[in-house]
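Data first, discussion second: the structure below is written as structure tokens.
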Amino acid sequence: MIEALIDIRPLLAILVSAIALPLIWASAKKPNLREFWSYFCGVVMFLIIISMLPFVISGGVVEYTVLTVLPGIEFKLRADALGMLFAMTASFLWIVTTTYSIGYMRGLNEHAQTRFFACFAIAVSSAIGVAFSANLFTLYLFYEILSVMTYPLVAHNEDAAAWDGGKKYMIYLLGLSKTALLAAIVITYMTTGTMDFAPGGIFTTSMPSMLVILSFALFIIGFGKAGLMPFHNWLPSAMVAPTPVSALLHAVAVVKVGVFSVVKVLLFIFGVDVLAHFSLGTPLAVVASFTIITASVIALTKNDLKARLAYSTVSQLSYIVLGVALLNPNGITGSILHIGNHAFSKITLFFCAGSIYVASKIKKIDELNGIAKKMPYTMAAFTIGSFSMIGVPVAAGFTTKWYLALGAVDSGSTGFLIVLLVSTVLNAAYFMPIIFRAYFKEPAEGVDLSGVREHPWVALPLSLTAVISLVIGVYPDLFLSLIERVVS
Amino acid sequence: MNWILNMPILDTHLLSVLTFLPLVAVLILLFVKNEDFIRAITLITMVLVFIISIALVLGFDSSTHMMQFVEKGEWITALNINYHMGVDGISVLFILLTALIGWVCVLASWRAIDKRVKEFMICLLVMQTAMTGVFCSLDFFLFYIFWEVMLIPMYLIIGVWGGPRRVYAAVKFFLYTLAGSILMLVGVIALYFAGGETFDIQKLMAIDYSFGFQVFVFILFFLAFAIKVPMFPFHTWLPDAHVQAPTAGSIILAGVLLKMGTYGFLRFSLPMFPDASQYFAWPIIVISLIGIIYGAFLALSQEDMKKLIAYSSVSHMGFITMGIFLFNTDGLEGAILQMFNHGITTGALFLCVGLIYERTHSRELSTYGWAARRTPGYAVFLFIFVLASLGFPGTNGFIGEILILFGAYAQYKMYVFYILIGVVLGAAYILNMFKRVAFGEDPHHPNNEIKVWDIGFRETISLTAFLIFVLWIGFQPMPFLEIMHESVVHLISQVGVDPETGRAVLEAVVENVNAIDAVDATAIEAVVDVAGEVTP
């Protein structure tokens, strides 16, 4: 029996942004004060979340029912091990990203900075809300808030490309969630009479197979944020956003909300037994494998650094889906571990891309020759991040691949093991040339790197996340102890 | 607020006071000349009506489906016509909605109407009396009078204070609705004779009409109500009326008048003609679905903000008629709640259009785009109402929508997917509208020179009133659902279907067969045999 503590802290963590919002708005004319509020709220949010950690690690959950909307439909929060892992990662990275945003936004003298920081605060809170949701209604609520509140961030530049990217973003995310996800929720509620997440799932093996398969498909399609092919196209388009947005939202908050929701629904609505009974794991694993390989191949063809990173994200997200779809403890461990690992490593890479852009206005990979001499911290961090993506030992990504490989072996299918190996080769193929160019090639003709300098506000956070990517690779115990609670 | 209910006159004639208080104000207005006094008197009357209506809702006993606050007096005894009023769980919510819309409309036309102020306010007050009367009447004759009286002030509001094509729009509105009401009059007279020369609605409900008669009167009533809703393909008067009407006219039209049709279905069609309702449920659901999707497509292509919201109403009303004809608890409660929601949300959206029109004198979406920058307060309100309109979780629209979806799933699973096409299109057109109003201004547009100002105190009050209901129903819909629950359960029992799914109950079919005259025993046995095979 899981020990449940009734406590308001999950709600407080989410409400921090609601307090931050008027403060950020009111101090629009004083940028220093405005950014102080962003920091302050980020720290408060992180501390509130961390304060629940010991209790959750010891095997408990923190619950809070805000109100009952309809019988069986509650606005209810629950901080469990899976949610804690995601919430900790997201809230910590918000603090880091705020530092980075200050450097980036001021470095480029961007417009509408107040709107930027305000929407950012709400977006992070919604991600925490998804992490702590105790039922499908709460999850859906925060999922939709996140979609809508990130739109101004994606369309931040307010030019034709930004409007197009934003439009695609909304059509994909809202369109899928309004049709498939809502239908899946209706079916779930009408057949089981509840929307609550329960360990082991609320579906049973005695349910009609058509219904289970249909709702499974609708859930997977509905969570468009997970970036599974063929519903991944919004993600590269959303890269028109300023880099801090791409970094936090499209490497951490938004896409991770997508895969987190998939993991949550697979484990807590369906349950491993039901998925195994209706043999739904393998088809999903095949789709995920397809996405991993195809997205990596597309990434190879991209010359734009952010586009390459975007396709790398699409590919890496599918590792998380693949791990759960293997339906064994090792696979699930690898999958959940990757939520944290990928967050730290990918945000490092995006930070680096932004850092290069702020310093030199370079976006194209073939113009990066020799830039490492001018930007040593950035390129060192980029190298660590890339190694993590590839899965070089010691870097965070290695532990993920290790567990995923174990899971693939446990599932008895060599096919998925081959997918992992091939994708590792592909990862190396699209990251190593960048590192090679930056360190060992002379600057390309027509590219002048003489005035390029790293911005300290930008270099500091990216060094920090790079170091953390190494630390959690060497010492993954904190994450693993949380995951143990989920898997057992 | 019990002291209001215990006040003299109010303790016995609450509904009459609620209905006729605005008419008393009209008498006073006749002797007032100062325009600001006229506005103030109207506002005070409307606020009083609102307060009394709140007392009515709070004093309403939701544990029964019986008519409450009943008043009955003889009127024209020769024709057995009575002055008979009362409310149940369905109508009481719409009295509250009407009262809320009432004072908001006065505020919305405070400065927007600057010519013939007295006449305009009189129109609003008469309208208020007629609309409240429609929801209170328990006598068909009385109901019909209120129903017809609604037409005239609305015709004047559009025709006198409307836009450039106001006369065309007003006449079109008048002719469409009049055609419907005349058909209904034929139906009412038919009922009068079939029911033993009475206009008493409750007595007429208790009678078992023959199937042929039910079909005949159902069609007459259906046409009247379908025009009023308006359902596809009777919707063409709506965009013209909305576009030409002044802001207050649009709010009343969207907020209350569109509810009259669906209220008619709930009050008359379903309980009086249960067999015909079941017989026609399937085609009605199909045209509702067509309306949902067709209305949404039309809304997608609009350049005129008012037209866009008008077409969105066609789509949203499709959800409601669909919910009603699902016949199950979730579907009906969702539909009734959605009627209330639509009044709140669309009323608020038309108010938002009115506010921006007052500033720019343009309704073209292409002339906006600066709202987020130049009028941030307005943009925030508009944004929340846009979310409510698209059924965002946490707003009233979501609750109504999900209840209708539950009902649709219980009745026939595939309906869910058809509805969701409409839902996603709904998100598309309304978000596109918001984007074009709030972001992405054209820096070279001449309208950028126009002086705009953010919402003032008066406007904030009316928008906040709507906002409270949006969030209240969004997070705590139970009080609203409890008020209507018993009445809905009773309504379903009158239709005689299974309350869970809304499908016909097999025993009821057998009973109906029994009731048919001149049926020989072997036929009954055959039916029972079939029934036995179906339900082991």
Can you report the number of residues in region B:145-170 which are out of contact with any strand residue (DSSP E or B) (no Cβ under 9 Å at 6 or more places or on another chain) and either within 15 Å of B:Ile227 (Cα to Cα) or touching a residue at least 40 places away in the same chain (Cβ under 8 Å) (or both)?
16
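One line per residue, one yes/no per condition, for (1) on the phi > 0 side of the Ramachandran plot; (2) buried (at least 24 other Cβ atoms within 10 Å of the Cβ); (3) more than 16 Å from the chain's Cα centre (by Cα); (4) at pLDDT below 85:
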{"site": "A:Gly201", "(1), (2), (3), (4)": "yes, no, yes, yes"}
{"site": "A:Val212", "(1), (2), (3), (4)": "no, no, yes, no"}
{"site": "A:Ser215", "(1), (2), (3), (4)": "no, yes, yes, no"}
{"site": "A:Gly227", "(1), (2), (3), (4)": "yes, yes, no, yes"}
{"site": "A:Ser237", "(1), (2), (3), (4)": "no, no, yes, yes"}
{"site": "A:Thr243", "(1), (2), (3), (4)": "no, yes, no, yes"}
{"site": "A:Ser246", "(1), (2), (3), (4)": "no, yes, no, yes"}
{"site": "A:Ala251", "(1), (2), (3), (4)": "no, yes, no, yes"}
Is one or more of the residues making up region A:372-379 within 25 Å of A:Ile293 (Cβ to Cβ), open to solvent by less than 30 Å² (accessible area, probe 1.4 Å) and either free of Cβ contacts under 8 Å to residues at least 60 places away in the same chain or not hydrophobic (A, V, I, L, M, F, W, C) (or both)?
no
Check off (1) in contact (Cβ under 8 Å) with a residue 24 or more places away in the chain; (2) open to solvent by less than 10 Å² (accessible area, probe 1.4 Å) for A:Lys178 and give me the number that stays unchecked.
(1)
Any residue that is under 21 Å from A:Ile293 (Cβ atoms), open to solvent by less than 80 Å² (accessible area, probe 1.4 Å), at pLDDT 85 or above and not aliphatic (A, V, I, L, M) - is there at least one of those in region A:432-454?
yes
Tell me, yes or no, whether region A:71-89 has at least one residue that is open to solvent by 10 Å² or more (accessible area, probe 1.4 Å), without any contact (Cβ under 8 Å) to a residue 12 or more places away in the chain and over 23 Å from A:Ile8 (Cβ atoms).
yes
Given (1) under 26 Å from B:Phe325 (Cα atoms); (2) within 10 Å of chain A (Cβ to nearest Cβ); (3) buried (at least 22 other Cβ atoms within 10 Å of the Cβ), number of the condition B:Val424 does not satisfy:
(3)
Taking the stated definitions as given, is B:Tyr357 free of Cβ contacts under 8 Å to residues at least 40 places away in the same chain and open to solvent by 10 Å² or more (accessible area, probe 1.4 Å)?
no
Restrict the check to region A:95-111 and report whether at least one residue is open to solvent by 30 Å² or more (accessible area, probe 1.4 Å), assigned to a helix (DSSP H, G or I) and free of Cβ contacts under 8 Å to residues at least 60 places away in the same chain.
yes
Take B:Ser366 and decide whether it is surrounded by fewer than 22 Cβ atoms within 10 Å (Cβ to Cβ) and among the polar types (S, T, N, Q).
yes
Going by the conditions given, is B:Leu204 under 27 Å from B:Trp75 (Cβ atoms), surrounded by fewer than 23 Cβ atoms within 10 Å (Cβ to Cβ), under 22 Å from the mean Cα position of the chain (by Cα) and hydrophobic (A, V, I, L, M, F, W, C)?
no
Candidate set: region B:435-447, residues that are open to solvent by less than 30 Å² (accessible area, probe 1.4 Å) and away from chain A (no Cβ under 11 Å); chosen: the one modelled with the lowest pLDDT:
B:Asn447
Just to be sure before I move on: is B:Ile76 more than 21 Å from B:Cys105 (Cα to Cα) and open to solvent by 20 Å² or more (accessible area, probe 1.4 Å) in the structure I sent?
yes
Flagged in region A:144-166 as over 13 Å from A:Phe120 (Cα atoms) and either of a type in the set (Asp, Glu) or modelled with pLDDT of 85 or more (or both), in numbering order, are A:Glu144, A:Glu158, A:Asp159, A:Asp164
In the set B:Phe350, B:Phe381, the lone residue that is in contact with a His (Cβ under 8 Å, 6 or more places away or on another chain), over 30 Å from A:Ala183 (Cβ atoms) and at pLDDT 90 or above is B:Phe350
From the list A:Val56, A:Val62, A:Val66, A:Val16, which residue is at negative phi, touching a Pro at 6+ places or on another chain (Cβ under 8 Å) and in the same structural domain as A:Thr192 (by TED's automatic domain parsing)?
A:Val62
In a helix (DSSP H, G or I) and within 20 Å of B:Leu97 (Cβ to Cβ): is that true of B:Gly334 in this structure?
yes
Scan region A:291-331 residue by residue and report those that are farther than 20 Å from A:Ser388 by Cβ and open to solvent by less than 10 Å² (accessible area, probe 1.4 Å).
A:Val324, A:Ala325
Could you count how many residues in region A:67-94 are assigned to a strand (DSSP E or B) and under 21 Å from A:Pro152 (Cα atoms)?
0
If I filter region A:20-32 for residues that are within 14 Å of chain B (Cβ to nearest Cβ), at pLDDT below 85 and under 25 Å from A:Ala251 (Cβ atoms), do I get at least one hit?
yes
Name the residue that is least open to solvent (accessible area, probe 1.4 Å), counting only residues in region B:401-413 that are more than 9 Å from chain A (Cβ to nearest Cβ) and farther than 15 Å from A:Thr188 by Cα.
B:Ile404
Can you find even one residue in region A:253-260 that is over 25 Å from A:Phe117 (Cβ atoms) and open to solvent by 10 Å² or more (accessible area, probe 1.4 Å)?
no
Every residue from region A:158-172 that is surrounded by fewer than 22 Cβ atoms within 10 Å (Cβ to Cβ), within 11 Å of chain B (Cβ to nearest Cβ) and not hydrophobic (A, V, I, L, M, F, W, C):
A:Glu158, A:Asp159, A:Lys167
Has region A:186-195 got any residue that is open to solvent by less than 30 Å² (accessible area, probe 1.4 Å), outside any helix (DSSP H, G or I), under 21 Å from A:Ile221 (Cβ atoms) and more than 10 Å from chain B (Cβ to nearest Cβ)?
yes
Tally the residues that are within 9 Å of chain A (Cβ to nearest Cβ) and among the β-branched types (Val, Ile, Thr), restricting the search to region B:377-400.
1
Wholly enclosed helices (runs of 4 or more DSSP H) of region B:354-471 bearing at least 2 residues within 22 Å of the chain's Cα centre (by Cα) and under 30 Å from B:Val497 (Cα atoms):
B:396-411, B:415-438
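The values are calculated or read from the model by the stated rules, or taken from the named source; none is laboratory data. Source: prediction; values computed, not measured. So basically every Cβ, Gly included, is an ideal-geometry build from the backbone, and we count neighbours across all protein chains shown. Accessible surface areas use protein heavy atoms only, side chains included; no ligands, DNA or RNA. Shrake-Rupley method; radii C 1.70, N 1.55, O 1.52, S 1.80 Å.
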